[in-house]
Amino acid sequence: MKSYDVVIAGGGFAGAYCARALAKALGRKEGEKRVALIAERNVLVFQPMLAEVAGASLSPTDVVNPLRHYCRGVVVLQGVVQGIDWAQHQLQLNGGRFSRNHTVGFRHLVMALGSVTDQSKVLGMAEYGWPMKSVPEALRLRAGVINRLEEANLVDDPVVKERLLTFVVVGGGYTGVETAGQLYDLVKEASHFYVGLRGVKIRVVLVHSRDELLGEIGPELGRYAREVLEKRGVEVRLKTRLTEITATRAHFDDGTFLATSTVVTTIGNAPNPVVLDLCRQIGITTEHGRIPVEPTMRVKGVPNLWSAGDCAAVPWNDRGEQKFAPPTAQFAMRQGAQLGANLVRLLRAGDGAELRPFTHRYLGQLASIGDRAAVAEVMGMHFRGFIAWWMWRTIYLSKLPGTGRKLRVMIDWTFDLFFPRDISVLLPPPDEPLRDIHLEDGEVLCERGAACRAFYFVRHGSMRLTRADGGTTDLAAGMVIDQRLLTEEQTWPGTIRALESSDVVVFRGRALELLQHDLSLVARDRRGR
């Protein structure tokens with residue numbers, strides 16, 4: 001079993017900055033013996049720039065920094081924290097496909113795991129939503145959007161084309177607003193290269209449940225951001241909640257829906273279950289899922305447990321007003337660095353060390369809204385338009401970890417001013433041999449005359465096959481829709497629609513081959529009898 005004086009759980013801003021502070025103070029020889037950083041990925045992701053990756057303004061390598069470079073001087077362990085045994089001062093780590101179970105011991109534990117995405121809050125979000133929290137997700141979204149353009153360029157059916165060219169972004173916070181702006185820039189620029197899309201309307205719809213966008217930055221700048229987005233062509237729907245996503249629709253609480261095949265979800269943040277379980281073990285009450293800590297970021301009454309970042313409720317003096325620090329990158333960076341300095345003092349001087357409380361002068365907030373425009377609140381002053389966009393790029397460039405990354409981003413941003421965005425799709429289509437789909441009453445599963453590319457199992461609800469002559473066959477829950485319904489040409493003899501809210505399991509690829517094999521064996525056995 002590996003064991004360390006300090007184990008930092010979480011490789012985001014708080015965890016990485018804490019590890020870096022410890023590495024600098026302890027030195028490489030001592031740091032590698034005493035400190036370990038555990039992260040699900042071996043890179044530090046600069047989250048504020050993820051939307052530019054999705055919008056093809058930046059390369060994915062521009063917004064990541066290898067943790068072993070950035071935190072040189074501590075041990076970096078890649079894996080997922082499965083659970084913590086506080087009584088034994090151990091945590092369980094899943095290292096991957098071939099190294100699942102590892103135990104790591106600690107004397108001091110820093111919790112910096114952040115939050116997780118709860119996709120169960122909206123029906124169908126896990127199956128059809130496109131989240132935006134990591135670089136792989138940003139890349140998949142970018143590839144998905146470009147593939148939608150490619151498909152729309154092929155089809156002639158105006159209804160299908162409109163659905164393919166409707167992109168819905170849910171959530172009017174920073175990620176949602178910046179993603180909507182970037183996607184609009186991407187599809188607007190890219191559509192000129194598709195002959196079949198010239199003159200065709202492409203819709204980007206931003207849906208937000210509150211009265212105005214960017215509630216964190218204030219109503220004035222939120223209203224300005226909305227006005228700019230709407231002026232450019234982005235549709236903004238306020239006071240509207242997403243209630244359900246299907247393969248071809250996004251449903252809302254006002255009873256309306258949008259026909260779309262792309263729903264970007266920036267909602268659904270939830271407390272990390274590992275954090276909640278640890279709090280239960282030591283008997284502390286969370287602050288809305290966050291670990292309550294003292295100003296030094298130590299948990300009160302638990303001298304060897306610390307926390308920072310999104311999963312910590314850190315007391316903060318905001319110009320005389322006591323509150324908890326907001327879960328933003330600006331605060332996570334400074335909390336991590338301050339916590340690292342406190343741990344160094346503790347390791348050097350022991351329990352009598354003088355620990356310093358977290359203090360930070362709030363600098364403001366910025367959000368890019370595309371087309372070289374942004375909104376900013378800096379030192380109490382509001383900026384908008386091109387000036388705010390220039391400030392956004394300058395400030396984030398200065399905060400980007402690593403000189404090499406700064407130079408790469410500067411080069412990419414310069415090229416972006418003069419050359420079109422890259423619309424290459426390098427990711428292969430996802431291999432989904434077996435997956436679930438959800439259909440609402442009237443939605444189509446298969447079109448008459450379409451080639452059979454999959455079989456289906458009706459898990460819940462019911463379907464109806466309507467042939468060209470008007471004849472029908474009802475397909476209830478528990479039935480398999482397979483080759484027994486096909487024509488000699490291996491096409492569907494009629495259109496299959498849902499009669500009610502229905503869940504269907506799709507068999508394709510290798511799963512389809514196995515199902516066909518099993519069905520043929522069953523048929524042969526029946527003939528043998």
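The values are calculated or read from the model by the stated rules, or taken from the named source; none is laboratory data. Note that the structure is a prediction, hence the values are computed from the model and not measured. Ideal geometry is used to build each Cβ from the backbone, glycine not excepted, and the neighbour counts take in all protein chains shown. These area figures cover heavy atoms from the full protein model, side chains too; ligands, DNA and RNA do not enter into them. Shrake-Rupley method; radii C 1.70, N 1.55, O 1.52, S 1.80 Å.
Taking the condition of being in a loop (DSSP other than H, G, I, E, B) and under 13 Å from C446 (Cα atoms), how many residues in the range 458-489 meet it?
2
Out of all the residues in the range 36-45, is one or more on the phi > 0 side of the Ramachandran plot and over 22 Å from the mean Cα position of the chain (by Cα)?
No, the range 36-45 contains no residue that is on the phi > 0 side of the Ramachandran plot and over 22 Å from the mean Cα position of the chain (by Cα).
Given the residues I245, I202, which is the only one that is β-branched (V, I, T) and over 19 Å from the mean Cα position of the chain (by Cα)?
I202 is the lone residue from the list that is β-branched (V, I, T) and over 19 Å from the mean Cα position of the chain (by Cα).
Can you tell me which residue within the range 12-29, out of those that are free of Cβ contacts under 8 Å to residues at least 60 places away in the same chain and open to solvent by less than 50 Å² (accessible area, probe 1.4 Å), is nearest to the chain's Cα centre (by Cα)?
That would be A23.
For the condition at pLDDT 95 or above, touching a Pro at 6+ places or on another chain (Cβ under 9 Å) and either under 19 Å from G95 (Cβ atoms) or part of a helix (DSSP H, G or I) (or both), what is the one hit in A25, A16, A36?
Going through A25, A16, A36 in turn, the sole match is A16.
Find the strands (runs of 3 or more DSSP E) located wholly in the range 291-347 whose residues include 2 or more that are over 26 Å from I217 (Cβ atoms) and in contact with a strand residue (DSSP E or B) (Cβ under 9 Å, 6 or more places away or on another chain), and list them.
305-307
Have a look at L426, L417 and point out the one that is within 24 Å of the chain's Cα centre (by Cα) and loosely packed, with under 12 Cβ neighbours inside 10 Å.
The match here is L426.
Determine which member of the set R232, R249 is buried (at least 16 other Cβ atoms within 10 Å of the Cβ) and closer than 30 Å to E127 by Cα.
Going through R232, R249 in turn, just one is buried (at least 16 other Cβ atoms within 10 Å of the Cβ) and closer than 30 Å to E127 by Cα: R249.
Looking at the range 429-443, which of the residues that are of a type in the set (A, V, I, L, M, F, W, C) and at pLDDT 75 or above is surrounded by the most Cβ atoms within 10 Å (Cβ to Cβ)?
Filtering the range 429-443 for residues that are of a type in the set (A, V, I, L, M, F, W, C) and at pLDDT 75 or above, the one surrounded by the most Cβ atoms within 10 Å (Cβ to Cβ) comes out as L439.
Considering only residues that are open to solvent by 70 Å² or more (accessible area, probe 1.4 Å), farther than 15 Å from V504 by Cα, out of contact with any Gly (no Cβ under 6 Å at 6 or more places or on another chain) and not aliphatic (A, V, I, L, M), which ones fall in the range 454-470?
If the condition is that a residue be open to solvent by 70 Å² or more (accessible area, probe 1.4 Å), farther than 15 Å from V504 by Cα, out of contact with any Gly (no Cβ under 6 Å at 6 or more places or on another chain) and not aliphatic (A, V, I, L, M), then D469 is the only one that fits.
Here is a list: T286, T296, T266. Which entry is open to solvent by 30 Å² or more (accessible area, probe 1.4 Å), among the β-branched types (V, I, T) and more than 30 Å from G370 (Cα to Cα)?
Of the residues listed, the single one that is open to solvent by 30 Å² or more (accessible area, probe 1.4 Å), among the β-branched types (V, I, T) and more than 30 Å from G370 (Cα to Cα) is T286.
Pairs under 8 Å by beta carbon, first residue of a type in the set (S, T, Y) in the range 443-465, partner part of a strand (DSSP E or B) and surrounded by fewer than 18 Cβ atoms within 10 Å (Cβ to Cβ), six or more apart or different chains?
Y456/V480; Y456/V505; S462/D474; S462/A476
Report those helices (runs of 4 or more DSSP H) wholly inside the range 100-168 carrying at least 3 residues which are under 30 Å from S57 (Cα atoms) and of a type outside the set (A, V, I, L, M).
Here the list reads 135-154, 158-164.
Which one is modelled with the highest pLDDT, of the residues in the range 349-398 that are among the charged types (D, E, K, R) and open to solvent by 70 Å² or more (accessible area, probe 1.4 Å)?
Here the answer is R356.
Do we find that L521 is at pLDDT below 85, surrounded by fewer than 15 Cβ atoms within 10 Å (Cβ to Cβ) and not acidic (D, E) in this structure?
So L521 fits the description; yes.
Looking at the range 159-173, is at least one residue hydroxyl-bearing (S, T, Y), surrounded by 20 or more Cβ atoms within 10 Å (Cβ to Cβ) and modelled with pLDDT under 95?
Taking every residue of the range 159-173 in turn, none turns out to be hydroxyl-bearing (S, T, Y), surrounded by 20 or more Cβ atoms within 10 Å (Cβ to Cβ) and modelled with pLDDT under 95.
Contact list please: Cβ distance under 8 Å, first residue in the range 272-292 and at positive phi, second residue part of a strand (DSSP E or B) and modelled with pLDDT of 95 or more, pairs at least six apart or on different chains.
These pairs meet every condition: H288/A313.
Given the residues V207, V177, which is the only one that is within 19 Å of the chain's Cα centre (by Cα), crowded, with 20+ Cβ neighbours inside 10 Å, within 22 Å of E443 (Cβ to Cβ) and of a type outside the set (F, W, Y)?
Residue meeting the stated conditions: V207.
I'd like the full set of residues that are open to solvent by 50 Å² or more (accessible area, probe 1.4 Å) and assigned to a strand (DSSP E or B), limited to the range 63-99.
Those that are open to solvent by 50 Å² or more (accessible area, probe 1.4 Å) and assigned to a strand (DSSP E or B): R72, Q78, V80, Q82, D85, Q92.
State which residue is least open to solvent (accessible area, probe 1.4 Å) when the search covers only the range 100-132 and only residues that are among the basic types (K, R) and touching a residue at least 60 places away in the same chain (Cβ under 8 Å).
So, considering only residues that are among the basic types (K, R) and touching a residue at least 60 places away in the same chain (Cβ under 8 Å), the one least open to solvent (accessible area, probe 1.4 Å) is R107.
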